[in-house]
Amino acid sequence: MRRVQISPRPNWKGLVEKVGLTYHTHVTPAGPRPYWDESVCYEFSSDEVDRFEKAIQDLHSLLIEAAGEVVSRGLWEEMGIPADAVPMIERSWKADEFSLYGRFDFAWMPGGVPKLLEYNADTPTSLVEASVAQWFWLQDRQPTMDQFNSIHERLIAAWKRFGTLNPSIRTCDFTSVEDNLEDDQTVSYLIDTAMQAGLKTRWSAISDIGYDREQQVFVSGDSGTAPGGPMESCFKLYPWEWMFEEEFGKYLPEAPTSWIEPPWKALLSNKAILAVAWRKFPNHPNLLPCQLEPDGLNGNYVRKPKLGREGSNVTIVRGGNVEVETPGQYGVEGYVYQATAEIPSFGGNRPVFGGWVVDNEAAGIGVRESDGPVTDNVSRFVPHYFRPAV
């Protein structure tokens, strides 16, 4: 693996905006900062890409087994999942409800071994940049190279399979919060892939979705892109733990809406699944030791909230001393303690590699770079390529 300096394309902002990446620059008190950064890229060998693909596929299957352990042994309290949500998750698990996508975050350890940091299995973002923005960059800047990226094609195929599995569903609803540019564009992109698969779609702000008590169905809101009506299926860019806590959460178990991601993905998006997986598969080459208490980690660990996001409330401890502590609002649900991973530094730039799963199949990678040891919401996305095997 190499970090390569490269010239950005002329009018690169217009080019990425054309494919939906309109949030390419962060506005900060210190001034604008790049989010999409094509002044550098990462080069892999085909063997390294094969290792990423195998790790993604193996770990997805492994964590599904760990989720089965939670269900069969009733480890709900350990996961911090509210009792009211358990029956809905159990039903969803037993029905093997359709799952669209997820994103692993990996550290690339010495020796070229991908080690799992966490699994963003419910509401992963950085999708537009990983799927289409870096693909078009490849065509413009490295046309003789290849890229580990079949995300777009696999999304369309997945939506087609969803339609085949659910032929009675007339409209697939989509929902997200309003006034969040990244969420808006992520959902817009997913709507486009669903429409390319032949599905009829409709969007509503999650704050405008209603519940019809008489019919016991959720209905799309007035903010939507089509007239409101019963929601037969709905893709939500909104975490399950927030769904359960909303006022409408009490109606979730009785409404017939088919949710994407399904309720059982609340198990995989919870970092406590990492501790369950380590107990079940100790010393797996792509796992870091992870547990619910710090004992046994020799004073070297990362404490993460079970339901944390974007690097918030992360504490890095080395030699028993706190080295890094990030602010945030998470942690009331409890923490996991994961062994530290030595993320390589390229002149102070630390990459984390996002491995995408679409319809249970490894689909590609994206790279995020941070100036510090914790990847957060201002970490940069940089493209990648690999040299085809000869």
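The values are calculated or read from the model by the stated rules, or taken from the named source; none is laboratory data. Everything numeric here is computed off the predicted structure, so don't read it as measured data. When we count neighbours, we look across all protein chains shown, and the Cβ atoms used for this are built from the backbone with ideal geometry, even at glycine.
Every residue in segment 284-293 that is surrounded by 19 or more Cβ atoms within 10 Å (Cβ to Cβ), of a type outside the set (A, V, I, L, M) and part of a loop (DSSP other than H, G, I, E, B), please.
Selection gives N286 alone.
Which of the residues spanning segment 345-390 are at pLDDT 95 or above, closer than 18 Å to L117 by Cα and not in a strand (DSSP E or B)?
Listed by number, the list is empty, since nothing qualifies.
Hey, does segment 45-67 have a residue that's assigned to a strand (DSSP E or B), buried (at least 18 other Cβ atoms within 10 Å of the Cβ) and touching a residue at least 12 places away in the same chain (Cβ under 8 Å)?
No, because not a single residue in segment 45-67 is assigned to a strand (DSSP E or B), buried (at least 18 other Cβ atoms within 10 Å of the Cβ) and touching a residue at least 12 places away in the same chain (Cβ under 8 Å).
Which of the residues that make up segment 303-344 are assigned to a strand (DSSP E or B), of a type in the set (A, V, I, L, M) and out of contact with any Asp or Glu (no Cβ under 8 Å at 6 or more places or on another chain)?
Here is the first cut: in segment 303-344, the residues assigned to a strand (DSSP E or B) are 303-305, 315-318, 321-325, 335-339.
Subsequent filtering for residues that are of a type in the set (A, V, I, L, M) retains 316-317, 322, 324, 336, 339.
Answer for segment 303-344, where residues must be assigned to a strand (DSSP E or B), of a type in the set (A, V, I, L, M) and out of contact with any Asp or Glu (no Cβ under 8 Å at 6 or more places or on another chain): V322, V324, V336, A339.
Would you mind finding the one in T175, T164 that is out of contact with any Asp or Glu (no Cβ under 8 Å at 6 or more places or on another chain), among the hydroxyl-bearing types (S, T, Y) and assigned to a strand (DSSP E or B)?
None of the other options fit; the residue is T175.
Matching residues to (1) in the same structural domain as K265 (by TED's automatic domain parsing); (2) under 24 Å from W240 (Cβ atoms):
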residue: Y301; (1), (2): no, no
residue: V314; (1), (2): no, yes
residue: T326; (1), (2): no, yes
residue: G331; (1), (2): no, yes
residue: D359; (1), (2): yes, yes
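Could you tell me how many of the residues in segment 110-131 are among the aliphatic types (A, V, I, L, M) and either outside the structural domain of V16 (by TED's automatic domain parsing) or surrounded by fewer than 20 Cβ atoms within 10 Å (Cβ to Cβ) (or both)?
Start the filter on segment 110-131 by keeping residues that are among the aliphatic types (A, V, I, L, M), which leaves 113, 116-117, 121, 127-128, 130.
Keeping just the survivors that are either outside the structural domain of V16 (by TED's automatic domain parsing) or surrounded by fewer than 20 Cβ atoms within 10 Å (Cβ to Cβ) (or both) gives 113.
The qualifying residues number 1.
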